[in-house]
Amino acid sequence: MGPPLPSSRFTRPKGGKSQSSPNLYVANCGPAVGLSYDTIASVFGSFGEVKAVNPADGSGVRVIVSFAEEGSARNALESLHARPCLQLGGRFLHIQYSFLQTLSLGQVNDPLPVALTASELNISGLYLLHDFVSLEEERELIAAVDEMPWNNLSKRRVQHYGYEFCYETRNINAKKKLGELPSFICPVLKKLSMFAKLDIPAHIVLDQLTVNEYPLGVGLSPHIDTHSAFEGLILSLSLAGPCIMEFRRYVDGDWHSKASLGSDVEDNKTDSNFVRRVIHLPPRSMLLLSGEARYAWHHYIPHHKIDMVNDEVIRRGARRVSFTFRKSRCACADVSYNCSTVGADVPAQM
């Protein structure tokens, strides 16, 4: 059996069970409820050869089981659908046939090469740590923000901590401190020591957090985080769903002077003379922008429901939640976290 794919290439039938397929969509089953892909493959393997078990989405509780033969899938569906499966902890499984998607490139991003690690982009100051938080920590973080009030924007919802970001002025209100960063982000802050092993200062100071919730199909316009509002490090934790992020560098002068002066760049670039590079951001990964990546490259999340990651079609989840950490340029900021004294080991890919 092949390794799990980053996300599903399959879709559920739009009605009935008249169509059959060697692929089954299985709900109430997956790593989020303590069932590994190998365990699921072993149980379904009693009905015939299982070619692969893949996540159906970013939830961790729905999978696609792909059989070598259509008859094996039919037997599994008839035996296990809407019944408790003792081998899978007595869980009631909800099963439908699933079919490979046939999509035109017009429905997904341009067929640019998509990097899986930051080093492939060759952008100085850009880092990506995979599996920065665990699946359980991801669930706890999402549950914590869902207990807090959301502010509605035109296409997404946000929460602000430390300082509120004013979208009209693209700056923070330095006179209105919202308080300390919330305690539920402590597991994240304790792992910032991972960046001490890179070309990043050991003392990372943070005092502002923006939580964004992106519904399916909603992205982010090309922009560079405001120079005059925030200092040189931007960290963004992706939760709940995958996406691609595009970086664009425009040919419009030296970014070093703008960064040192804290001056801003415009977000609404219309110049077509730019370089494009793309990276895949899986759930639970942490992206860090510093130096050139922070000040010289616009970052952008296309407004897609589906992304093409090299030869793989990846469907985004029903929601994606990001935690973006920054240090304000406000002189009254007093919240700091020293990653040289607080540490935890996490797997990393850069």
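The values are calculated or read from the model by the stated rules, or taken from the named source; none is laboratory data. These figures come from a predicted structure and were not determined experimentally. Neighbour counts are summed over all protein chains in view; Cβ atoms, including those assigned to glycine, are modelled from backbone coordinates with ideal geometry. With ligands, DNA and RNA removed, areas are computed over all heavy atoms of the protein, side chains included. Shrake-Rupley method; radii C 1.70, N 1.55, O 1.52, S 1.80 Å.
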Spatial separation of Cα centroids for the stretch 120-180 and the stretch 36-71, in angstrom = 35 Å
In nm, what is the difference between 0.36 nm times the number of residues separating Leu112 and Asn273 and their Cα-Cα distance?
-> 56.3 nm
Subtracting the Cα-Cα distance of Ser42 and Asp146 from 0.36 nm times their residue separation yields 33.9 nm
Applying 1/(1 + (r/R0)^6) with R0 = 45 Å to the Cβ-Cβ distance of Phe184 and Lys51, what FRET efficiency is obtained, to the nearest 0.05?
-> 0.65
Roughly to the nearest percent, how much of the accessible area of the stretch 135-243 is carbon and sulfur, given a 1.4 Å probe?
-> 53 percent
The extension gain from His94 to Ser154, computed as 0.36 nm times the residue separation minus the Cα-Cα distance, is 18.1 nm
Dimensions (Å) - the stretch 18-62, Cα atoms, principal axes, largest first | 28, 23, 14
Scan around Ala52 for amide H atoms under 5 Å from its own, H built in the peptide plane at 1.01 Å from N, and keep only partners 5 or more places away or cross-chain.
-> Ser66
Share of alpha-carbon pairs per 5 Å distance bin for the stretch 112-210, given as whole % | 2, 9, 15, 17, 18, 20, 14, 4, 0
Amide H contacts under 5 Å for Val114, placed H, 5+ residues apart = Asn310
Cβ-Cβ FRET estimate between Leu135 and Lys305, R0 fixed at 30 Å, reported to 0.05 = 0.80
Based on the mean of other Cβ atoms within 10 Å per residue, sort peptides 43-52, 161-170 so the most packed one is first.
-> 43-52, 161-170
Simple spin-label estimate for His81/Asn173, 7 Å along Cα→Cβ, in nm, reads 5.5 nm
